[in-house]
Amino acid sequence: MYGAYYNIGNAYRYGRGVEFDIEKAMHYWELAAMRGVVLARNNLGATEQIIGNVDRALKHFMIAIKGGNKMSLDAVKHLYKTEHATKEDYTKALGKYQAYLDEVKSNQRDKAAAFRARYKYY
């Protein structure tokens, strides 16, 4: 069910089957994000960044990074490079992402990653 909120948000974001409405998209992404959908949290961060709410974007990105979202880590890196985030922010983001990788590390995942590059999780 939580993925449904994310998908409805995307439908409003891209106008697929419904009228384009970024406010409704954000509403549904918020519902999904509150239920742990990391991609929804990333989308909220990206949208906040686009509309100029960098502080809110950074908060969303940090939560998504904790859940293992590499796109959010890349976004924080970009914010740091463009001087919209501090070195401390980026260092914290890297630490959260490394903690996620340490948490999900397993022999099975390593074997899968060795078998095919698309299974790489690090």
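The values are calculated or read from the model by the stated rules, or taken from the named source; none is laboratory data. The model shown is predicted, which means the values in this text are computed figures rather than measured ones. Cβ sites come from the backbone with ideal geometry, for glycine too, and all protein chains shown count toward neighbours.
Before moving on, here are some points about what is shown:
- In region 12-56, residue nearest to Lys77 (Cα to Cα) [restricted to those that are surrounded by 14 or more Cβ atoms within 10 Å (Cβ to Cβ) and of a type in the set (Phe, Trp, Tyr)]: Trp29
- A count restricted to region 86-115 and to residues that are within 18 Å of the chain's Cα centre (by Cα) and of a type in the set (S, T, N, Q) stands at 2.
- Phe115 aromatic (Phe, Trp, Tyr) and closer than 25 Å to Tyr12 by Cβ: no
- Of the residues making up region 68-122, those that are of a type in the set (Val, Ile, Thr) and either loosely packed, with under 14 Cβ neighbours inside 10 Å or at pLDDT below 85 (or both) are Thr82, Thr86, Thr91, Val104.
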